[in-house]
Amino acid sequence: MRRTALIFCIVMLEFAYCVGQQRPVAEAKQDPGRMTPGMTEIWDPEVKVIQPANVPGQPPSDAIILFDGSGISKEWEDVRGDPSKWIVEDGALISVRGAGRIQTKKVFNDFQLHVEWKTPAEVTGESQGRGNSGIFLQGLYELQVLDSYNNRTYRNGQAGSVYKQHAPLVNASRGPGKWQRYDIIYTAPRFGEDSTSYFTPPRVTVLHNGVLIQNNVSIRGPTLYIGIPEYSIEKHGAGPVQLQDHGNPVAFRNIWIREL
Ligand code: MG
């Protein structure tokens with residue numbers, strides 16, 4: 001009887017130890033017969049609390065606001081580091097032919113990015129010449145912006161394509177002159193020791209107007225207009241978000257980003 005009581009005490013002490021100290025799962029796995037629910041519960045550190053927006057598409061409390069209609073000089077610059085020549089009109093940031101790309105002054109690695117954009121209501125041009133712009137992730141990898149509403153072009157160059165690499169899963173375009181939105185989840189590449197190739201390539205998931213169009217696709221290399229993108233690349237770190245000037249006055253608004 002005394003021996004049974006002793007064993008009971010030992011078991012209870014061990015149980016208390018496992019629950020109280022959160023014994024590592026690997027250790028507990030060696031003894032699956034003694035697993036308890038508490039052994040696989042991780043309490044600390046507590047997950048950071050943020051405030052989501054009341055309206056979908058608006059920034060949550062931990063977002064960095066890149067453009068909210070009130071000016072661009074604080075967050076954006078010309079890619080040469082000069083003040084941007086793009087214009088702000090009716091709360092929208094509009095590309096100007098010949099002004100070149102603009103980029104964020106801040107640089108990013110992994111992120112969630114929200115961008116709203118609108119191609120001109122008055123349709124001119126066709127194929128790649130109609131409402132063309134783009135969002136360059138880390139300044140290297142273009143997510144195409146284009147008026148792809150009743151506008152055929154090559155499938156891996158239409159709106160929502162990772163330009164010349166991945167066609168979108170579907171064409172979720174709204175018509176010209178209508179606001180559209182991208183929600184982009186980007187994972188930056190990791191590099192090997194030799195610094196000339198990806199250890200893991202960049203990956204991107206994109207929702208276009210709330211519809212999944214890129215599902216965690218692997219990016220083969222920096223965007224090229226001519227040629228085949230290579231996994232072989234000079235090592236790079238954090239990079240800016242760039243917006244392309246392709247000669248068409250494309251408007252942007254409500255741009256925010258969350259670092260992951
Ligand atoms: Mg483009």
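The values are calculated or read from the model by the stated rules, or taken from the named source; none is laboratory data. None of these values were measured; they are calculated from a predicted model. Note that we place each Cβ from the backbone using ideal geometry, even for glycine, and neighbour counts take in every protein chain shown.
Does residue 174 qualify as being free of Cβ contacts under 8 Å to residues at least 24 places away in the same chain and away from the ligand (no atom under 12 Å from the Cβ)? Judged against the criteria, residue 174 is not a match.
Can you tell me which residue among 74, 118 is loosely packed, with under 15 Cβ neighbours inside 10 Å, out of contact with any helix residue (DSSP H, G or I) (no Cβ under 6 Å at 6 or more places or on another chain) and of a type in the set (Lys, Arg)? Spell out the reasoning first.
Working: 118 fails: loosely packed, with under 15 Cβ neighbours inside 10 Å.
After ruling out the rest, the residue left standing is 74.
When you look at residue 162, is it among the aliphatic types (A, V, I, L, M), over 20 Å from residue 57 (Cα atoms) and either in contact (Cβ under 8 Å) with a residue 24 or more places away in the chain or within 16 Å of the ligand (Cβ to nearest atom) (or both), yes or no? Answer is yes for this residue.
Taking the numbered list (1) within 15 Å of the ligand (Cβ to nearest atom); (2) of a type outside the set (A, V, I, L, M, F, W, C); (3) over 20 Å from residue 223 (Cα atoms) in turn, residue 147 passes all entries but (3). Considered as a group, the residues in region 236-245 that are in a loop (DSSP other than H, G, I, E, B) and surrounded by 14 or more Cβ atoms within 10 Å (Cβ to Cβ) include one that is nearest to the ligand (Cβ to nearest atom), and that residue is 244.
Take the conditions away from the ligand (no atom under 16 Å from the Cβ), assigned to a strand (DSSP E or B) and surrounded by 21 or more Cβ atoms within 10 Å (Cβ to Cβ) and apply them to residue 257. Does it pass?
When the stated conditions are applied, residue 257 passes them.
For region 155-183, the set of residues classified as farther than 27 Å from residue 231 by Cα, in contact with a Ser or Thr (Cβ under 8 Å, 6 or more places away or on another chain) and either in a loop (DSSP other than H, G, I, E, B) or of a type in the set (A, V, I, L, M, F, W, C) (or both) consists of 171, 173, 176, 177, listed by residue number. The residue pairs whose first member lies in region 216-228 and is in a strand (DSSP E or B), whose second member is acidic (Asp, Glu), and whose beta carbons are closer than 7 Å, counting only pairs six or more residues apart or on different chains, do not exist in this structure. Can you find even one residue in region 145-154 that is assigned to a loop (DSSP other than H, G, I, E, B), modelled with pLDDT under 95 and over 26 Å from residue 198 (Cα atoms)? No, that holds for no residue.
Looking at residue 124, is it surrounded by fewer than 17 Cβ atoms within 10 Å (Cβ to Cβ) and part of a loop (DSSP other than H, G, I, E, B)?
Considered against the rule, which asks whether it is surrounded by fewer than 17 Cβ atoms within 10 Å (Cβ to Cβ) and part of a loop (DSSP other than H, G, I, E, B), residue 124 comes out as yes.
Here residue 125 meets each of (1) within 14 Å of the ligand (Cβ to nearest atom); (2) of a type in the set (Gly, Ala, Ser); (3) in contact with a strand residue (DSSP E or B) (Cβ under 9 Å, 6 or more places away or on another chain) with one exception, condition (3).
Criterion applied to 196, 124, 119 was being modelled with pLDDT of 95 or more, assigned by TED's automatic domain parsing to the domain that holds residue 229 and not aromatic (Phe, Trp, Tyr), and the one residue passing it is 119.
The test for being part of a strand (DSSP E or B) and in the same structural domain as residue 90 (by TED's automatic domain parsing) does not hold for residue 248.
From the list 152, 190, 220, the one residue that fits, being buried (at least 19 other Cβ atoms within 10 Å of the Cβ), of a type in the set (D, E, K, R) and more than 14 Å from the ligand (Cβ to nearest atom), is 220.
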